[in-house]
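One structure is given below, encoded as structure tokens.
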Amino acid sequence: MIKIDNLSKSYGKKKVLDNLMCLIKTNSIYGFVGANGTGKSTLLRIINDIFKADSGNIEIDEENVNNNQELKQKLVFVPDDLYFFPNYTLKDMAIFYKSMYKNFDMEYLEKLATTLKLDMNSKIQNFSKGMKRQCAIICAICTNADYMFFDETFDGIDPVIRNLLKKIIAKQMDKKETTIIMTSHNLRELEDICDNLALLYKGGILFESDVNTLKTNMFKIQISLKEEFDKETFSNLDMLNFKKSGSVATIILKGEREKAEEQLKKMNPIILDFLPVTLEEMFIYEMEVLGYEFNQVF
Amino acid sequence: MSLTKYFNKNYFKENIKKSKGLIALLVIIVPLITILSILLLINPQNYTKVLYENEIIWANLICMYIIPVALSFILFGYVYKKSSVDFINSMPLNRKTIFITNTVAGIFLITLIQILTLIVAFLCSTICSTIYIFPQMIIDIFINMWISYLFIFSAANLAMTFSGTFLTQIVLTMLILFLVPFAESMFKITQIRIFDYEMINNLGDDTTYERIIDLQNQNYTLPYNIIWNGGYAFSNISILKMTTLGIIYLFLGTYFFQKRKMENAEESFSNDKVHLFVKALTLFPMMVVLNKIGLEGEETAFVIGLIVIYYFAYDFVVKRKIKFIKSVVSVILTMAILQGIVVGANKIFTEEERHKIKRTDVEKIAIEFESDNYHTSPNLKNSYFIDNKEIMNFVFESAYGAQNQYTYSIDKENYATNTIYVGLQTSKEKKYTISVELIDRDMDKLLELLEKDKNYVEFIKETYKKDSKIILGQIVLIGDEKQINSEIEKEIDNMSLKDIYKITRKSTSIFLNKMYYQNHMLKAKVVPIDMNNGVFKLVADNQNDYINKNFDKMKDENVRTRSYSIEYGPLGYDEEEFKKFGNYFSYTSNLMDKFIDENKSEKIDPNEECYAIKIYASPYIDEYVYLFTNKTEEIGNIIRKERDAKTKNEDFLTLKD
């Protein structure tokens, strides 16, 4: 478990993280989303003891991360801006990782490289941007670290490989009870893989939720009644958003779907359709409740 | 305690591996240049030369400023790039481990460089019979260079902990290495100037001496000393300073590296205040120099203009951006503050250093003769110090007398031609040297006084008894060194101090240098070859033997090897003879060739009149050998014939007996 307590960090006069609090449960995939410059990368760097926080505390498995070499064996970080030693091949890099991480699995790396069609003996500097990221990700996975951090995880990777990598990451999580922490400025990139999502804004977490709870507790309906109706008609429901166009209204509701459906059916609707809600929409509506506009945050 | 907390073997290996090409280049460049420069000194003839320190050390000295900083960059350069900072610092290594592992890697590589250079020098000295390097000198070079490289490396590492770019690291390294000694030496200039122009002004208790060198001020760290006065001699104090500072820098580096703001990468410093402070420090040497030069009016305005431009340039190069108003304000403020510091410091140091060495402060003196300092500057390291008041008073008073009454006399008898170096040890345990010119009469008196001090006489005699290389010109006399040394020792044992001094000043003979390496210095005692018949016979036969074996080869090598000059009879100065043949110089003479060919196996009789034909052994003027001969009549005939031919413009090569 990662416990982040009142974490603050400034670059000169610019405050990037401001008393940030967060709890990341073990064996989950946790996503940080937010616009550029909201402190996602800084947060990951502080967790990985690359940067020092100005104040606050981070504990991983109840141990302080600061200058803790043994604890860092449990962490692996793939940054946004990748670095490989000059003239190194994937094999050379894997050897380096193996020399650093006690549990590095070379066989699995070779297998993954074959799956992703990455030549182990070619110089990484000659690879495309996406291939370089694949190299970094599979090296990180093969460390078998307990906590894996991926910054802008799938940046530059085509959709097919992206899905493949998501499966590999998910498999790793199942296999080793790994905790994966990802960041992205694109919510859609993380929605089908993360268990938890947190939205970073102005140095803090604006909104955090379990994706499954969000998905099961929020639904969108289109409804039309015989009589005239307005927002007040549905005041007994936990409504996040109401829009009426002509005689048809689109409503976002929270709570148990069966219970809401039962209540709506009692109104004898002419039309009652349940529609899928994207994660982005869920975020938009949740933020509206908090008084923010989505465009303001992203 | 787990050592892996401090040193990570795998990271060490990988760090070397990732830059193996560059590291290999840095490791081999010094040994390679050293071996090449030694090989270039190997001559095609068979004679042996002693190599001096500068002939072996120069590549090492130049690389001293480059290699340690380059190694620091190779090992720690990752901190200057954001992507590599993320990569390396995310690895399961804490910062202390990274710093110590990289430092150990640097120490390992520097040691490797110096060991290779040491081996190269030893091998060259052992394998090549035509060069000789004093083994202790090679060891001294190794220690001196090794410590200096490590010192610069640790300073560069400390500079890295504050820097966000390589350029700022270089600026900070220079400041760490040079700022303090520079300020110190610049303030001391005032002191040296005072003494330079002050004559010995009275006989009272506050007598001061000209050309005083404070020996303790010569012990800067080697990297600074080379720049300041070109000195690279081994100095225990310099070694101690560098070792102590190196260790302090290492600890400071470890501490600050753990505190380092890694987000600083690609920026000059973590914040503007540090940038401003470092920039101000770079201005400090300029302000000191400006104050020393003492500019006026328009010149000052011009220089201030240059400093403002420098400030812009510094910002542009280091930060890649210029803030005009901020720069102008900061430069003016900085200059004002620094001016205050410099003026204040000048006052404090000058007042303190303006003291005169009073005679009553001098507790002991050491006396060395000029001839003892062959190939070395005056240095009273490990000299014999005398506390005899009579000798001390005599030296002070005769020095004063010589200075004021005789130095500029045109009267030959009263002209001060005897230079002695006098070391002064004051009650504060400080040591200074002065050079004193004495007239012959005073010198004789001084020698008589010194003769009474048996320990001093023994000390002087001992210096002639060192295991030495016997050198004539630049060439080592191989084979007979032990016997020549023993002959000289025997003779010295029977000589008075005055006789010993006189032989070094004999102006009518060929001199040998008894060269030895002692107290980290190359020293030589000058001895005339006609010191006694035994020495003369040994040297003459040794030289004739060499010519006998090598003359054919020498003739083939180049034209210069066939030029000769005739030295007057070494075993007796005959003025008439000298007038006849002295300074005779002959090129490509077939008569002389023939004479040498016919007489090269001659064993000379030291009791008979003797000529020495100087034969140049190489294109270098100081590389020559002698053929000694008792056949003075034949030489006289050759010279007469050549002189006749010269007046008739005949070619010497066509001359016949």
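Values computed for the structure shown
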| item | result |
| --- | --- |
| Most to least accessible of B:V104, B:V303 (protein chains only, probe 1.4 Å) | B:V104, B:V303 |
| Inter-site label distance for A:N217 and A:M21 at 7 Å from Cα along Cβ, in nm | 1.8 nm |
| Estimated FRET transfer efficiency (B:V303, B:Q136; beta-carbon r; R0 60 Å; 0.05) | 0.80 |
| Solvent-accessible area of B:E184 with every protein chain in place, 1.4 Å probe, in Å² to the nearest 10 | 70 Å² |
| Per-pair calculated FRET efficiency, R0 = 22 Å: A:L164 and A:T250 via Cβ, rounded to 0.05 | 0.05 |
| Spin-label pair A:K202/A:E107, simplified geometry with 7 Å Cα→Cβ offset, distance in nm | 5.4 nm |
| Estimated inter-spin distance, B:R643 and A:S55, nm [label 7 Å along Cα→Cβ] | 10.3 nm |
| Convex hull of Cα atoms in the range A:168-241, direction-averaged projection (nm²) | 7.9 nm² |
| Solvent-accessible surface ranking, highest first, for B:K49, A:K244 at 1.4 angstrom | A:K244, B:K49 |
| Near-label residues of the range A:224-253 by backbone N, under 14 Å of a point 7 Å along Cα→Cβ of A:N268 | A:225-228 |
| Chain A: calculated mean residue ellipticity at 222 nm from DSSP helix runs of at least 4, using -39500 (n - 2.57) | -10000 deg cm²/dmol |
| Over the range B:1-117 - Rg/Rh using Cα atoms and the Kirkwood inverse-distance radius | 1.14 |
| Residues listed by number, the range B:263-283, amide nitrogen under 19 Å from A:K13 label point at 7 Å toward C-beta | B:268-277 |
| Largest-first principal axis extents, alpha carbons of the range A:214-297, Å | 39, 26, 20 |
| FRET E, pair B:E296, B:E489, Förster distance 56 Å, beta-carbon r, rounded to 0.05 | 0.30 |
| Area buried, chain B against chain A - accessible surface, total, 1.4 angstrom probe, square angstrom | 2600 Å² |
| Straight-distance crosslink candidates among lysines, where the alpha carbon sits under 26 Å from B:K553 and sequence neighbours closer than 8 are dropped | B:K49, B:K469, B:K537, B:K594, B:K600, B:K603, B:K614, B:K631, B:K656 |
| Accessible-area value, B:R441, 1.4 Å probe, nucleic acids and ligands omitted, Å² | 130 Å² |
| Which of B:I239, B:I484 is most accessible, then next, and so on - probe 1.4 Å | B:I239, B:I484 |
| Model label zone, B:N519; criterion: amide N under 19 Å from point 7 Å along Cα-to-beta-carbon; scope the range B:141-159 | B:141, B:144 |
| Alpha-carbon spread of chain A, three principal axes, descending order, Å | 73, 43, 30 |
| Surface accessible to a 1.4 Å probe, B:K641 within the full protein complex, Å² | 80 Å² |
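The values are calculated or read from the model by the stated rules, or taken from the named source; none is laboratory data. Not measured: the values here are computed from a predicted model. Don't worry about glycine lacking a Cβ; one is built from the backbone with ideal geometry, like all the others, and counts go over all protein chains shown. These accessible areas exclude ligands, DNA and RNA; they are computed on the full protein's heavy atoms, side chains included. Shrake-Rupley method; radii C 1.70, N 1.55, O 1.52, S 1.80 Å.
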